[in-house]
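Peer 1: Okay, here's the structure, questions in a sec.
The values are calculated or read from the model by the stated rules, or taken from the named source; none is laboratory data. Since this is a predicted model, take the numbers as computed values, not measurements. We place every Cβ from the backbone using ideal geometry, glycine too, and count neighbours over all the protein chains shown. Ligands, DNA and RNA are excluded from the accessible area calculation, which covers all protein heavy atoms including side chains. Shrake-Rupley method; radii C 1.70, N 1.55, O 1.52, S 1.80 Å.
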Amino acid sequence: MLITRRTLLTASAGGLVLAGLGGRAALADLAKLKQKDSYKIGFAQTESNNPWRLAQTASMKDEAAKRGWQLVYTDAAGSAAKQVADVRSMIAQKVDVILLAPREEKPLIPAVMEAKKAGIPLFLIDRNVDATLATAGKDYVAFIGSDFVKEGHQAAEALTKAVNGQAKIIELQGSTGSSPANDRMKGFADYIKDHPGMQIIASQSGDFARDKGRQVFETLYQAHPDATALYSHNDEMTMGAIAAMEAAGKVPGKDLIIASIDGTKDATQALIDGKVYVVVECNPKFGPKAFDAVERYGRGETIDTWLVNDDRVFTKENAAGYMPEAY
Ligand code: GYE
């Protein structure tokens, strides 16, 4: 027998014990959005401890204000558990749409599924969730963000050129379990495996944070004083590592060649000053793109399951031109 939602409803109306099945059938559908002039949007931010996050939040708030849409903003302060609770409170407040920047790939899955069950369309912005546990276009509308594997690849490519294929690399990873950390690690590793002179001699998480990056780099560098390069998953950790290098009497850009990701003001200045060799861009200004996707979804348009941000590559040559946009 072909089980459709109608047969389930008929069957349960007929008194058969099918508890839960109707719910499961309804869960097969992606939540729809009614077209409105103005939406109540939930934006669940991860943390606010770095310029990238602040630029992202400002972009979301500016876009909401520009359109006259209501923004329900939460900050999980670095806790995936709090972020799940934040999304639950948005569901309880019956927001029209949820924009979620999931701190880690796995712990935010319940939040995605609960929004779906509540019939609230959810977009992932900036970070992704585990693709084996939730599917874009089915469980949530779309992922809007960068190609982190490509960013890692581009960082590796530029660094390999800069050091003529010979380096002992310390890697500072982003937050453990987050999609940018996982994918930036992968993209870099994939590229250097064809370059045997490029060796990662130590790799540890600095949690995408400046002071953590400084502390972790200091420890790793003490254990590996033969390091000649740093690959850091974000600019904040890079700035922390630079402070540690300088405290150790080393010259960033000479004693250690640095590849970083994001495009903050501080890192852009460090490019200009010759301390950092390359910064692969990761654009935090999601407001216009995310709100536009919501609007189009409300109009009934099909949204691509991945709206990819195009990232540039910055070196000393083009850093000054980019500086006015840096944050
Ligand atoms: O690189 C970092 C931030 O999720 C892509 O998270 C983002 C990363 C970004 O805290 O600076």
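Peer 1: Quick one: which residues, 5+ away or cross-chain, put their amide H under 5 Å from the amide H of ASP147? H built at 1.01 Å from N.
Peer 2: ASN309
Peer 1: Divide the volume of the convex hull of the Cα atoms of the chain by its number of residues and quote the answer in cubic angstrom per residue.
Peer 2: Output value, Cα hull per residue: 148 Å³.
Peer 1: At a Förster distance of 35 Å, what's the computed FRET efficiency of ASP62 paired with THR132, Cβ-Cβ distance as r, to 0.05?
Peer 2: The computed FRET efficiency comes out at 0.50.
Peer 1: Working out 0.36 nm times the residue gap between LYS250 and SER48, then minus their Cα-Cα distance, what length gain in nm do you get to one decimal?
Peer 2: This chain segment gains 69.7 nm when fully extended.
Peer 1: Taking the chain as the reference, fit the longest principal axis to its C-alpha atoms, fit the long axis of helix 179-192 to the helix C-alpha atoms, and give the angle between the two in degrees, 0 to 90, nearest 10.
Peer 2: 50
Peer 1: Amide H of MET198: which non-local residues (sequence gap of 5 or more, or other chain) have their own amide H closer than 5 Å, using H built in the peptide plane?
Peer 2: ALA167
Peer 1: Helix 210-223 against the longest principal axis of the chain: what's the angle in degrees, Cα atoms only, rounded to the nearest 10?
Peer 2: On a 0 to 90 degree scale, this one is about 50.
Peer 1: Sticking with this structure for a sec: So, with +1 on the Cβ of K and R and -1 on the Cβ of D and E, and no other charges, what is the size of the charge dipole of the range 148-282 about its Cα centre, to the nearest 20 debye?
Peer 2: The dipole of the range 148-282 has a size of about 180 debye.
Peer 1: Counting DSSP beta bridges in the range 194-327, what percent are antiparallel, to the nearest 5?
Peer 2: Around 20 percent of the beta bridges assigned by DSSP in the range 194-327 are antiparallel ones.
Peer 1: By the scheme Lys and Arg +1, Asp and Glu -1, what is the net charge of all other residues having a beta-carbon under 12 Å from that of LEU256?
Peer 2: +1
Peer 1: Specify the residue with the greatest mean-square fluctuation among LEU108, LEU230, LEU220, computed from a Gaussian network of the chain linking alpha-carbon atoms under 10 Å apart.
Peer 2: Comparing LEU108, LEU230, LEU220 in a Gaussian network model of the chain, the most mobile one is LEU220.
Peer 1: Using a 1.4 angstrom probe, figure out how much accessible area the chain has per residue, in square angstrom, rounded to the nearest whole.
Peer 2: 44
Peer 1: Which shape class applies to the range 172-219: rounded if a/c is under 1.5, otherwise prolate when a/b exceeds b/c and oblate if not, where a ≥ b ≥ c are the square roots of the Cα gyration tensor eigenvalues?
Peer 2: Judged from the Cα gyration tensor, the range 172-219 comes out oblate (a/c at least 1.5, b/c at or above a/b).
Peer 1: Tally up the carbon and sulfur contribution to the accessible surface of the chain as a whole percent, 1.4 Å probe, everything protein left in place.
Peer 2: Within the chain, the accessible surface is 54 percent carbon and sulfur.
Peer 1: Test of understanding: in a Gaussian network model of the chain with alpha carbons linked when under 10 Å, which of ASP311, ASP273, ASP235 would top the mean-square fluctuation ranking?
Peer 2: ASP273
Peer 1: Provide the per-residue ³J(HN,Hα) series for the range 127-139, in order, calculated from phi with Karplus coefficients 6.51, -1.76, 1.60 and θ = phi - 60°, each as a whole number of Hz, with x at glycine and proline positions.
Peer 2: Each residue of the range 127-139 in turn: 10, 9, 10, 4, 5, 7, 10, 8, 10, 5, x, 10, 9 Hz.
Peer 1: Next question, about the same structure. Can you list residues from other chains, or at least 5 along the same chain, whose modelled amide H is less than 5 Å from the amide H of VAL97?
Peer 2: LYS40, GLY42
Peer 1: Can you give the angle from 0 to 90° between the axis of helix 235-247 and the longest principal axis of the chain, with both taken from C-alpha atoms, to the nearest 10?
Peer 2: It works out to around 30 degrees.
Peer 1: Please give the contour-minus-distance gain from GLN166 to LYS36: 0.36 nm per residue of separation, less the Cα-Cα distance, rounded to one decimal in nm.
Peer 2: Full-extension gain reported as 41.1 nm.
Peer 1: Can you work out the Karplus-derived ³J(HN,Hα) for every residue in the range 275-285? Use 6.51 cos²θ - 1.76 cosθ + 1.60 with θ = phi - 60°, whole Hz, and x for glycine or proline.
Peer 2: Computed from phi, the couplings for the range 275-285 are 7, 10, 7, 9, 10, 8, 5, 9, 6, x, 8 Hz.
Peer 1: A follow-up question, please. Which one of LYS316, LYS94, LYS161 has the biggest mean-square fluctuation once the chain is modelled by GNM with Cα springs under 10 Å?
Peer 2: LYS161
Peer 1: For the chain, what is the percent of antiparallel DSSP beta bridges, rounded to the nearest 5?
Peer 2: Percentage antiparallel, nearest 5: 5.
Peer 1: Taking the Cα centre of the chain as origin and charging only Cβ (+1 Lys, Arg; -1 Asp, Glu), how large is the dipole, in debye to the nearest 20?
Peer 2: Using Cβ point charges on Lys, Arg, Asp and Glu, the chain gives about 1200 debye.
Peer 1: Per-residue HN-Hα couplings for the range 35-43, Karplus 6.51 cos²θ - 1.76 cosθ + 1.60 at θ = phi - 60°, whole Hz, x for Gly and Pro?
Peer 2: 6, 9, 6, 9, 10, 9, 10, x, 10
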